[in-house]
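Report on the structure given below.
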Amino acid sequence: MPDVRSPTLRRRELGALLRAFRQDRGMTVEQVAELLLCSPSKVSRMETGQRGATARDIRDLCEIYGVTDGEQVRRLVSLAREGKQQGWWQSHELDYFATYVGLEEAATALWCYQSSIVFGLLQTVDYAQAMYKASLPAEFTPERADELIKVRLRRQQVLTRERPVRLMVLFDEAMLHRVVGGPEVMRAQIDHLVEVANLPNVTLGVIPYAAGAHPAMESMFNIMDFGEVASSVVYVEGLMGWLYLERPQEVERYRQIFEYLRGMALGKEDTIELLSEIRMRYSAAPVPRIAWRSKN
């Protein structure tokens, strides 16, 4: 378990406990809100970790739920306090993506599938810059793109910190043929993938064209595990928005899909061999530049 006190995860851990206490009492969100003299949405947002809880909230909720054990109360208060601390990412105005970064920072393991772009934790600076340059002109100024690239580089430290996250990334072979930034950028990016693939906590797997169709061809998702601290979360990102899926049946479905894809992917040695082969192609004739962008 990494020694990371992510405020995002602490809020979710606190919310899970508060939800469990409420359900044990057989109460609805509306009933609790009526006793707290607040809106049901406030109670719901505390339980999902979208909103922090104050010391007064904890006191009142403990009274409502009949929580009198001193150790339990102190734990709730501690989680509420830690949930209000500032993470390094919160000074960068990341909007909705701040939630993802906070969870990623605290994860013990990440299981990711990418269909057409390099996963953010594995991108080189030049690849990331090319992605932002390919965005709609009104979306990112050069200054904003530079700031987001700095955030991306800071995120990558989870791979090499004292207790690094365990990372497995599966990606479609198409990702390697999508020329982001030009052949030189792609050569350097593939070199970086090979380097990262040799870290003891990182596993990469290419799903080759020869594998044919598979159930995630039109998707990309990350499964985030947090050990015994909190339940797993699936993050799904698309052009029009994002989803955080937490219900056990939803998480399990994505685990099943990931394992299915894992069975289709090449092993480590074959993946590195294919990476090296495609890298050599980028050393030949120039390839037309095609690019796209994702915030992850």
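Summary of values
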item	result
Set of aspartates and glutamates near Lys268 by C-alpha distance (under 18 Å), chain-local residues within fewer than 8 positions excluded	Asp172, Glu173, Asp191, Glu195, Glu259, Glu277
Estimated 222 nm signal from helices in the chain, with DSSP H stretches of n ≥ 4 weighted -39500 (n - 2.57), rounded to 500	-15000 deg cm²/dmol
Most to least packed among 223-233, 203-213 [average Cβ atoms within 10 Å]	223-233, 203-213
Projected label distance in nm at Glu139 and Ser41, using a 7 Å step from Cα toward the beta-carbon	2.8
Built amide H within the under 5 Å cut-off of Phe221, gap 5+	Tyr113
Estimated FRET transfer efficiency when R0 is 45 angstrom, pair Glu63-Tyr260 (beta carbons, to 0.05)	0.40
Gyration tensor (alpha-carbon) shape descriptor, the stretch 89-282, a/c threshold 1.5	rounded
Linear extension gain, Glu195 paired with Ala284, 0.36 nm per residue minus alpha-carbon span	29.9 nm
Check: the stretch 7-85 dipole with +1 on Lys, Arg Cβ and -1 on Asp, Glu Cβ, in debye	360
Candidate aspartates and glutamates for bridging to Lys42, where Cα separation is under 18 Å - those fewer than 8 sequence places away on the same chain excluded	Glu13, Glu30, Glu34, Asp57, Asp60, Glu63
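Every read-out reported here was derived from the displayed coordinates using simple, explicitly stated rules and does not represent laboratory data. It should be emphasised that the depicted structure is a prediction, and the values quoted were computed from it without experimental measurement. Quick reminder, even Gly has a Cβ in these numbers, built from the backbone with ideal geometry, and neighbours come from all protein chains shown.
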